[in-house]
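Chemist: Input: one structure, supplied below.
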Amino acid sequence: MPNIKNTTIKGYEFCTPKFGGEIQFEKVYDHELIDTLFDSILQLDKKIRKYKNDTVSFNLGNYQQSEDANIAEGYFITARHGVRRPEIDINTQEEVGILEKTQGVENNVYFMLDKRTGLLLVQDDFNKVFNRKLLHTFLSYHKNIVYPYIDEFNRINKKTPLKIHKRSCFRLLTLPPVNFMEKLKEFTEIKSAILTLDSTTEKKKVDVSEILDKELEDNEINKYDLEIKIKNKSGKAMVKIFERYFEKIMDLQKYDSYAIEGKLLNGKIKRISPDTITRDFYTDVEYNDNGEALMSSIYNQMADIILHDNPINGKGMTPNIKMVGENNNVDMAIQKEISVRNQDRPDQQEIS
């Protein structure tokens, strides 16, 4: 019987900016470019398309059209390596094998991509390898494969001021941040609140810091930030009470920054502040007896987010441009680059 577990889905945003003198469209998404890039990378031999450094490796495992015409789906492959370590049976604690420095445990990380807005949803990675920067670096390394597409796009749109710049043909961004008070409502329990006064604040105007401020000055400590941690020892969740408290201190603007530490709906302990909040999604997913998320369950939940909870739903394509579409010359040029890479490059450059 499948087990139901609350699972984190990470959200990101693809943009395909266009530039033309004083006219710029940066927050737009034209799926044809990204679709061509993913399809082309997948045609490279697996060992050629990988990316790795001393401790992790990353690859594209699959990319295809989903059942919904507006959604693409696939998975990334992640692994950790770099340290020779024994494998053990967790029940007997006996050693059952050795993982060498060049070996790792592979994990498939499922994703979905909304072709209309560029919303990318990625399953939380068991290996804790996947992140936005790593994917952006991986795609940037391979982007010259689609330069023939970019050249053709610029040619057929030369009568307009807009063109694709190869150095910035795509961007992968974090989603617009969640409002702090909105995120606070996702907590089921508050562990503590943290309030910070930086060195530029007139701390003596804030009663709670007056005594400590004097003690520090008497001991010739003049440049410092003061962090006040309020621990919840009531034994109650107190989420609503802290909501009201933070609404007041935000209105008063007494503190330079603030944060909340507590338990989320998925049971995880997290600390949030206005600068660190990202838009994650929490959803119930089916897992098999091997502890693996069922692909169909993951995709169903991601599709539901795209269709009903898309935070960039109003975003669209670049106006007044022509798309390349099916083009034999572009396809042949891309295939030539793929063939050269597969034949002449036995291994891939590591991440710098």
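The values are calculated or read from the model by the stated rules, or taken from the named source; none is laboratory data. Computed from a predicted model, the values in this text were never measured in an experiment. When we count neighbours, we look across all protein chains shown, and the Cβ atoms used for this are built from the backbone with ideal geometry, even at glycine.
Chemist: Is it the case that segment 60-76 has a residue that's in contact (Cβ under 8 Å) with a residue 40 or more places away in the chain, closer than 18 Å to SER140 by Cβ and not in a loop (DSSP other than H, G, I, E, B)?
Modeler: The answer is yes, given that some residue of segment 60-76 is in contact (Cβ under 8 Å) with a residue 40 or more places away in the chain, closer than 18 Å to SER140 by Cβ and not in a loop (DSSP other than H, G, I, E, B).
Chemist: Still on this structure: Is segment 45-56 home to any residue that is more than 17 Å from ILE145 (Cα to Cα) and in a strand (DSSP E or B)?
Modeler: Looking for residues that are more than 17 Å from ILE145 (Cα to Cα) and in a strand (DSSP E or B), one finds at least one in segment 45-56, hence yes.
Chemist: Taking GLN24 as meeting all but one of (1) farther than 23 Å from LEU175 by Cα; (2) not in a helix (DSSP H, G or I), write down the number of the exception.
Modeler: (1)
Chemist: Kindly establish whether ASP304 is assigned by TED's automatic domain parsing to the domain that holds GLN24, acidic (Asp, Glu) and under 26 Å from the mean Cα position of the chain (by Cα). Before you say what the answer is, go through the steps one by one.
Modeler: On the way: assigned by TED's automatic domain parsing to the domain that holds GLN24: yes; acidic (Asp, Glu): yes; under 26 Å from the mean Cα position of the chain (by Cα): yes.
Yes: the conditions hold for ASP304.
Chemist: Keeping to segment 79-94, report how many residues are part of a loop (DSSP other than H, G, I, E, B) and within 27 Å of LEU135 (Cβ to Cβ). Step through it out loud before you land on a result.
Modeler: At the first step, the residues of segment 79-94 found to be part of a loop (DSSP other than H, G, I, E, B) are 81-84, 89-94.
Restricting the remaining residues to those that are within 27 Å of LEU135 (Cβ to Cβ) gives 81-83.
Matching residues across segment 79-94 total 3.
Chemist: Next up: For segment 44-60, does any single residue satisfy the condition of being under 29 Å from SER297 (Cβ atoms) and surrounded by fewer than 16 Cβ atoms within 10 Å (Cβ to Cβ)? Let's see the steps before the verdict.
Modeler: We begin by selecting, within segment 44-60, every residue under 29 Å from SER297 (Cβ atoms); these are 46, 49-51, 56-60.
Of the ones still in play, those that are also surrounded by fewer than 16 Cβ atoms within 10 Å (Cβ to Cβ) are 46.
Within segment 44-60, one or more residues are under 29 Å from SER297 (Cβ atoms) and surrounded by fewer than 16 Cβ atoms within 10 Å (Cβ to Cβ).
Chemist: Related question: Can you name the number of the only condition in (1) under 21 Å from VAL109 (Cβ atoms); (2) touching a strand residue (DSSP E or B) at 6+ places or on another chain (Cβ under 8 Å); (3) not β-branched (Val, Ile, Thr) that ASN300 fails?
Modeler: Of the numbered conditions (1) under 21 Å from VAL109 (Cβ atoms); (2) touching a strand residue (DSSP E or B) at 6+ places or on another chain (Cβ under 8 Å); (3) not β-branched (Val, Ile, Thr), the odd one out for ASN300 is (2).
Chemist: Determine, yes or no, whether SER199 is at pLDDT 80 or above and either hydroxyl-bearing (Ser, Thr, Tyr) or within 30 Å of LEU265 (Cα to Cα) (or both).
Modeler: Values: at pLDDT 80 or above: no; either hydroxyl-bearing (Ser, Thr, Tyr) or within 30 Å of LEU265 (Cα to Cα) (or both): yes.
It is false that SER199 is at pLDDT 80 or above and either hydroxyl-bearing (Ser, Thr, Tyr) or within 30 Å of LEU265 (Cα to Cα) (or both).
Chemist: Can I ask one more? Quick one: what pairs do we get from segment 122-146, first residue closer than 16 Å to HIS165 by Cα, second in a strand (DSSP E or B), C-beta under 7 Å, 6+ apart or different chains?
Modeler: TYR141/TYR51
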